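**Student:** Sharing a structure, written as structure tokens. Questions coming.
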Amino acid sequence: MKLLSSYKIAPSVKGLCIAAILMVLASRTLAVEFIPEEISLRGMWKFRIGDRTEWASPTYNDRDWDDIRVPARWEDAGYQGYDGFAWYRTTIKIPTELKNQTLVLQLGYIDDADEVYINGKKIGQSGSFPPHYESAYNALRKYQVPNEVINFGTENTIAVRVYDSQLSGGIVSGDIKLFTSGEIAPFDINLSGEWQFNKGRQYTAGATTSIMVPGQWENQGFYNYDGYAVYSRIVRLPKSLAGKRLVLVAGRIDDTDQVAINGQVIGQTGNFNSRNGRTVYAEFRNYFIAPDVLKTDQDNLIEIRVLDTGGEGGILEGPVGIISQDQFRKYWKNKRRF
């Protein structure tokens with residue numbers, strides 16, 4: 001038997017073989033590049049002035065709405081002198097390959113306040129609306145998108161509610177896109193999203209307001225507030241996690257914090273009891289949860305108590321959630337490689 005290398009191959013055949021190999025390699029390269037790290041959302045969106053809650057719904061028919069360019073002042077689209085509420089809507093197909101990635105929706109700069117919905121679920125807010133109006137016109141909008149609200153592989157509806165008090169209005173400037181910010185943490189309980197919030201050092205039932213986590217509190221109706229505040233959320237522990245060693249990943253907090261579960265303090269970073277202590281706003285918080293702290297047969301109250309001594313404040317960045325200790329180690333070891 002002769003080896004293949006002992007045969008002579010005509011130059012034309014060699015050319016065809018090489019071309020075929022290059023085509024295969026190219027197709028594989030294209031398959032990899034098809035998975036985008038970011039998806040641009042600049043261009044034409046649907047737009048209507050006014051304010052109705054059903055405009056957040058993915059099933060709402062916006063076919064007769066006006067077209068408007070994003071980003072741009074709505075005055076430049078013919079709404080000169082208009083101050084008040086308006087809504088933007090668009091659709092986006094998000095590839096299935098991004099399912100294990102942390103996704104962030106960036107909407108540039110919005111004048112003045114906004115709420116953002118994906119498939120009818122609120123994912124973020126900057127500023128606040130009348131009657132307790134606060135502008136956030138100078139804040140760059142970046143909203144982490146919970147994976148559970150996304151329809152991967154098919155269309156998703158983005159709806160943005162905007163309030164403008166005077167002068168320019170709308171999604172006025174900046175880079176408008178959906179982008180990935182790394183592999184998603186394999187949480188057993190994902191705590192990104194809506195929390196309750198109250199000023200002061202202690203949780204006050206009945207005196208809270210909704211706030212999105214992560215995100216600085218100045219952009220969510222607490223402009224220029226420095227001092228103590230409490231984030232609170234009720235969680236149920238699945239029986240499958242009973243007795244396991246768990247970690248509460250609390251994100252990056254500005255400035256110092258103290259974390260309690262069912263009234264029991266499980267950890268703190270910085271000097272929570274002093275406004276003059278060392279600030280640790282650059283550190284990500286991770287706290288071990290003893291096996292008997294979270295109960296499987298009842299609601300569990302998680303409190304993240306925060307002291308901000310100046311500038312921006314709150315739970316600024318994720319990830320935020322509860323994760324097993326083994327998965328916690330694997331996630332951060334893998335993240336340090338990149």
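The values are calculated or read from the model by the stated rules, or taken from the named source; none is laboratory data. Note that the structure is predicted; figures quoted are calculated from it, not measured. Glycine gets a Cβ as well: all are built from the backbone with ideal geometry, and neighbour counts include every protein chain shown.
**Student:** Scan segment 70-110 for residues that are of a type in the set (K, R), in contact with a strand residue (DSSP E or B) (Cβ under 8 Å, 6 or more places away or on another chain) and surrounded by fewer than 16 Cβ atoms within 10 Å (Cβ to Cβ) and jot them down. Spell out how you get there, then give the answer.
**Tutor:** Applying the first criterion (of a type in the set (K, R)) to segment 70-110 yields 73, 89, 93, 99.
Filter once more, keeping what is in contact with a strand residue (DSSP E or B) (Cβ under 8 Å, 6 or more places away or on another chain): 73, 89, 93.
Selection gives K93 alone.
**Student:** Output the residue which, of all residues in segment 212-242 that are surrounded by 19 or more Cβ atoms within 10 Å (Cβ to Cβ) and aliphatic (A, V, I, L, M), is nearest to I110 (Cα to Cα).
**Tutor:** Step by step, filter segment 212-242, then rank; the result is M212.
**Student:** Please specify each residue of segment 108-125 satisfying the condition of being under 14 Å from Y88 (Cα atoms) and polar (S, T, N, Q).
**Tutor:** N119 - this is the single residue of segment 108-125 that is under 14 Å from Y88 (Cα atoms) and polar (S, T, N, Q).
**Student:** Taking the residues in segment 132-182 that are more than 13 Å from the chain's Cα centre (by Cα) and acidic (D, E) as candidates, determine which candidate is modelled with the lowest pLDDT.
**Tutor:** E134
Conditions (1) aromatic (F, W, Y); (2) in a loop (DSSP other than H, G, I, E, B); (3) in contact (Cβ under 8 Å) with a residue 60 or more places away in the chain; (4) surrounded by 18 or more Cβ atoms within 10 Å (Cβ to Cβ), marked per residue:
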| residue | (1), (2), (3), (4) |
| --- | --- |
| Q125 | no, no, yes, yes |
| P130 | no, yes, no, no |
| P186 | no, yes, yes, no |
| N198 | no, no, no, yes |
| Q202 | no, yes, yes, no |
| S210 | no, no, no, no |
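Rundown of residues vs (1) touching a Ser or Thr at 6+ places or on another chain (Cβ under 7 Å); (2) at pLDDT 95 or above; (3) of a type in the set (F, W, Y), yes/no style:
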site	(1), (2), (3)
S57	no, yes, no
D64	no, yes, no
D76	no, yes, no
F85	no, yes, yes
T90	no, yes, no
K93	yes, yes, no
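**Student:** In segment 46-120, which strands (runs of 3 or more DSSP E) lie fully inside it and hold 1 or more residues that are in contact with a Phe, Trp or Tyr (Cβ under 8 Å, 6 or more places away or on another chain) and farther than 29 Å from G318 by Cα? Lay out the reasoning, then the answer.
**Tutor:** Working: elements: 66-70, 84-93, 101-111, 113-118.
Per the criteria, 66-70, 84-93.
**Student:** Can you tell me which condition G215 does not meet? The list is (1) out of contact with any Gly (no Cβ under 9 Å at 6 or more places or on another chain); (2) at positive phi, and all the others hold.
**Tutor:** The number of the failed condition is (1).
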